[in-house]
1. Within the stretch 155-173, count every residue that is over 18 Å from ILE259 (Cα atoms), surrounded by fewer than 15 Cβ atoms within 10 Å (Cβ to Cβ) and either at pLDDT 75 or above or touching a Pro at 6+ places or on another chain (Cβ under 8 Å) (or both).
2. Assess whether THR236 counts as being closer than 26 Å to LEU144 by Cα and of a type outside the set (A, V, I, L, M).
3. Within the stretch 123-148, how many residues turn out to be surrounded by fewer than 18 Cβ atoms within 10 Å (Cβ to Cβ) and either of a type in the set (Phe, Trp, Tyr) or under 20 Å from the mean Cα position of the chain (by Cα) (or both)?
4. Which one is surrounded by the fewest Cβ atoms within 10 Å (Cβ to Cβ) among residues in the stretch 23-50 that are closer than 30 Å to ASP63 by Cα and either in contact (Cβ under 8 Å) with a residue 40 or more places away in the chain or among the aromatic types (Phe, Trp, Tyr) (or both)?
5. May I ask you to verify whether ALA78 is in contact with an Asp or Glu (Cβ under 7 Å, 6 or more places away or on another chain), touching a residue at least 24 places away in the same chain (Cβ under 8 Å) and surrounded by 15 or more Cβ atoms within 10 Å (Cβ to Cβ)?
6. Can you report the number of residues in the stretch 81-113 which are in contact (Cβ under 8 Å) with a residue 40 or more places away in the chain and touching a strand residue (DSSP E or B) at 6+ places or on another chain (Cβ under 9 Å)?
7. Going by the conditions given, is ASN229 assigned by the TED database to the domain that holds GLY243, under 21 Å from the mean Cα position of the chain (by Cα) and surrounded by fewer than 16 Cβ atoms within 10 Å (Cβ to Cβ)?
Amino acid sequence: MSSTFFPEEYWLGKTLEVSSPPSVWKLTEKVMEESETRDRKSIQEYGSLSYARAEFKCYNSSDPYQQARVTIYLQLPAEESMYLPPSMRRREATDRKVREFDELVEAYRRLTFHGCDFMPQFLGSSHGRQGDDGLVPGGFLSYLVFTSVPGDFLGTGTIGFDFGGRGSPRAVLNLSQEDQKRCRKQRIPDGMFWTLSPAERTVIRQQFESAYTILCNIGVDLPLGTLSNLTWDRRTQRLYFFGQLSLAETRSTWPKKEIASWGLALLPIKPQGAECDESELIL
């Protein structure tokens, strides 16, 4: 069983302040949590950091109708210090920033500068220290607040089988008989995307290609992005990206086959070792 470093009894209802622009955000629901713990040797010899990351839903204390998300980075004690008293854990306190946090702030700076309205919008960030009741008193506490995005997620993050594969379809997929044969026994992403009409899928791909090109040009990435990182607002016919961001090498172009890794296209059955040409993608 994994450890919990963001217990809801303590964090829900807690408020976090950001100074630029000044605002206060109240946490309402924990969305996810993960941690990376390190031993003292790794910390001392390799400069590693022991920390936990969590994402919460929140709202602006001055305007409860303004809903948002906040990603929090919290310093953890070294593995050997986890159960020592606070006075001893305090000795490990540092104000260093987790590299992921620095990258997240820079990613949102680039998105804001380039006016990327297909992404969550930056609402503020803070890098401070934990209080005396923290897991590492005086240790770093970093967080960034950003908006949610409208629409429904195009994928669930799971993979199903269909058209002669193992298991039953989880949805009625909108593919021609010919394309069903071409992707027989292929793993097909679950979710709404492949239930949409071919025309609507085409509009989504066009918007994806335009937005993704901008992300590649400015060096912002969603590692291992899939349909579960894309939302589609059917009312406005707008596509949005949503997920953990990182920095990447800038690219002026990208191969169209990458849309298959996002789940926006399917690869046809090919002989073992044979590569798929872009023109053969199932759209």
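1. 0
2. In short, no.
3. So the answer is 3.
4. Among them, the one singled out is SER23.
5. Yes, satisfied.
6. Adding up the residues that qualify gives 16.
7. For ASN229, the condition - assigned by the TED database to the domain that holds GLY243, under 21 Å from the mean Cα position of the chain (by Cα) and surrounded by fewer than 16 Cβ atoms within 10 Å (Cβ to Cβ) - is not met.
Residues are listed down the side, and each one gets a yes or a no for (1) out of contact with any strand residue (DSSP E or B) (no Cβ under 8 Å at 6 or more places or on another chain); (2) modelled with pLDDT of 95 or more:
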site	(1), (2)
THR15	no, yes
SER20	no, no
VAL24	no, yes
MET32	no, yes
ARG38	yes, no
SER42	yes, no
ALA52	no, yes
PHE56	no, yes
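The values are calculated or read from the model by the stated rules, or taken from the named source; none is laboratory data. All figures in this text were calculated on a predicted structure; none of them were measured in a lab. Heads up, the Cβs are rebuilt from the backbone with ideal geometry, glycines too, and the neighbour counts pull from every protein chain shown.
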